[in-house]
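Written out below as structure tokens is the structure these notes cover.
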Amino acid sequence: MKITIVGTGYVGLITAVCFSEIGHDVMGIDIDEKKIKKLQKGIAPIYELGLDELLSRNLKEGRLKFDTDIKKGIEFGEVVFSAVGTPPDMNHWADLQYVEAVAKNFGKYANDYKLFVNKSTVPVGTGDWCYQIIKEALQQRGVDFGFDVVGNPEFLREGAAVKDTMDPDRIIIGTHSKKAREIMQKIYSPIAKSTVPVLYTTLENAELIKYAANSFLATKISFINQMANFCERVGGDITVVAKGIGMDKRIGGRFLHAGIGYGGSCFPKDIKTLIQHGKAFGYDFSILEAVEQVNSGQKEVAFEKLMHLCPDLSDKTIAVWGLSFKPKTDDMREAPSVKLIKKLIGEGAKVNCYDPVAMENAKALLKSGSINFAKDAYEALKNADALLILTEWDTFRAADPTRIKELMKGDIMIDGRNIFEAEEIEKSGLKYFSVGRPDNINQKRKLNIQWLKNRGHGGIKDKTSDDAEVRSEILMAEKISENS
Ligand SMILES: NC(=O)c1ccc[n+]([C@@H]2O[C@H](COP(=O)([O-])OP(=O)(O)OC[C@H]3O[C@@H](n4cnc5c(N)ncnc54)[C@H](O)[C@@H]3O)[C@@H](O)[C@H]2O)c1
């Protein structure tokens, strides 16, 4: 089929190369001329596993082309996918101006019956709104080719986007039209095969499914992060707790990795948009408000740990490993590293940072004479008083703790992604701090037991104990419980 993809960012580009790989004739359209020039030469503007190979093969074999001419693009495709961005606006609402522009252009240039497919994440009702925009544009032109609108939300994960597109968990197709459903079935048939479930539903449900999925996953992350913070107070180990609950099929083990919070271009904005949409209808999405609040606090965890260990950072050099919001991508949107590095610099620290692929994007966001972008992970350690690990890249997992210790001036490692085990790191002489796995586990357990013992059945009984040590432990335990 002839398919046009408008917007060749992370989603649009991957969709374009994968659709051409399965045999469709695809034209990718973008307003960004630089990006399109690169793509025409076979250069991928983003880092994504497997993308380069698919891009060059399909360009060479003539199934894939790129252009900036929207008229040409709309006329070309029997189906036009809109994969433009829906970034947050100043009111934490999805900015729909780019989607609106594509719908207007669709109405302006459609020259036959076509499908308008929304792949971007859009608030419920946007598909119907696009329908109105297109209908009015066609009426103004005095033409009636007919068209349908489809909601086809995207669930790919950056870092595994090609794989996720070629072999998705599910495909969601929202439309009120039988004809549109049949066309979508044809597009996806090489991918859907017998193993991939396809859910056909209404436009509204398709739009809601995307927000519900992201909100649920973000909730899982904030939940496990709060459990991690509690483990730190009472002497538990979050990795084991997560493993234990993940064994329950009703819960599942994925998205239960405690760390320094979620970032990226999707979760933060989608959760905020859903909260705002609820508010507009007098509904308080209290669970999502909490998810957001917890996440925002969690982004401070590594910083707070460092400040506790080194209250004065003015003469300190801090090494940072990992800048992208997650591994296997160069995407820096809402990456926890940005906020954290700015805070370190605000405290007067020098920062030596390294990321395997996100350095160029990071340089554009982090402009300060106090930041040095190192050539490799080990170079970033030179003279460092502390090392912060912010993204769980596999290359960091394989690092040699003895070499880390030798290169550093200080001995503090704060592992914001729990990629190491305390035992293997501490053998090298480094002091290791992670998330939800307290370094002083026995002391925490002792305090918790003391608190339970003194609490008894009717509240804290023994505050007036003659034993000063018991009294101080009770007070500490009470303080901990207040802060929890
Ligand atoms: N990135 C992800 O992991 C992911 C996953 C699932 C869903 N989504 C959703 O998919 C959508 C796209 O996300 P993305 O990360 O690919 O965004 P992106 O910012 O990487 O790409 C958007 C592209 O659209 C182009 N564009 C904007 N207006 C245009 C117009 N009028 N005509 C042509 N091109 C235009 C931009 O130049 C840019 O290249 C968003 O709604 C996002 O929420 C993203």
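Some points to look at:
- For the chain, adding -39500 (n - 2.57) for each run of n ≥ 4 DSSP H residues and dividing by the number of residues yields -14500 deg cm²/dmol at 222 nm.
- In sequence order, calculated HN-Hα J values of region 369-380 (Karplus, 6.51, -1.76, 1.60; Hz; x Gly/Pro): x, 8, 10, 10, 9, 7, 6, 8, 4, 6, 4, 5
- Share antiparallel - DSSP beta bridges, the chain, percent rounded to 5: 5 percent
- Separation in nanometres of the label points that stand 7 Å from Cα toward Cβ, at Lys375 and Glu204: 6.1 nm
- Once backbone amide H atoms are built at 1.01 Å from N, Ile5 has Met27, Gly28, Ile29, Phe81 as its partners under 5 Å, excluding neighbours fewer than 5 places away on the same chain.
- When peptides 102-115, 168-181, 187-200 are ranked by their average number of other Cβ atoms within 10 Å per residue, the highest-first order is 102-115, 168-181, 187-200.
- Computed 3J(HN,Hα) for region 206-217, one whole-Hz value per residue from the Karplus formula 6.51 cos²θ - 1.76 cosθ + 1.60 where θ = phi - 60°, is 4, 5, 5, 4, 4, 5, 5, 5, 5, 5, 5, 5, glycine and proline marked x.
- Tensor-based shape of region 107-258 (alpha-carbon gyration tensor, a/c under 1.5 rounded, otherwise prolate or oblate): prolate
- Relative intensity, log₁₀ I(q)/I(0), of region 301-433 from a Debye sum that treats every alpha carbon as a point, q = 0.09 Å⁻¹: -0.21
- Taking every DSSP bridge with both residues inside region 40-188, close to 20 percent are antiparallel.
- Rounded to the nearest 20 debye, the dipole size of region 182-309 about its Cα centre is 380 debye, using +1 on the Cβ of Lys and Arg and -1 on the Cβ of Asp and Glu.
- Among Thr4, Val84, Met413 the positive-end extreme of the charge dipole of the chain (Cβ point charges): Thr4
- Net charge over other residues, Cβ less than 9 angstrom from the Cβ of Ile43 (K, R count +1; D, E count -1): +2
- Using θ = phi - 60° and Karplus 6.51 cos²θ - 1.76 cosθ + 1.60, couplings along region 166-183 (whole Hz; Gly, Pro as x): 6, 9, x, 5, 6, 10, 10, 10, x, 7, 9, 10, 5, 4, 4, 4, 5, 5
- Neighbourhood net charge (12 Å Cβ-Cβ; Lys/Arg +1, Asp/Glu -1) for Ala242: +2
- Averaged over residues, the count of other Cβ atoms within 10 Å places the peptides 156-167, 224-235, 306-317 in the sequence 224-235, 156-167, 306-317, highest first.
- Taking Cα centre as origin and charging only the Cβ of basic (Lys, Arg, +1) and acidic (Asp, Glu, -1) residues, the dipole magnitude of the chain rounds to 440 debye.
- Ranking Leu217, Ala103, Phe281 by Cα position along the charge dipole of the chain, where only Lys, Arg, Asp and Glu carry charges on their C-beta atoms, puts Ala103 farthest toward the positive end.
- Computed from the Kirkwood radius of its Cα pairs, the Stokes-Einstein diffusion coefficient for the chain at 37 °C and 0.692 mPa s stands at 132 µm²/s.
- For Leu49, distant residues with modelled amide H under 5 Å away: Gly159, Ala161
Bear in mind that the values in this text are calculations on the coordinates, not laboratory data. All of these numbers come straight from a predicted model, not from anything done at the bench. A quick note on method: Cβ atoms are made from the backbone with ideal geometry, for glycine too, and the neighbour counts reach across all protein chains shown.
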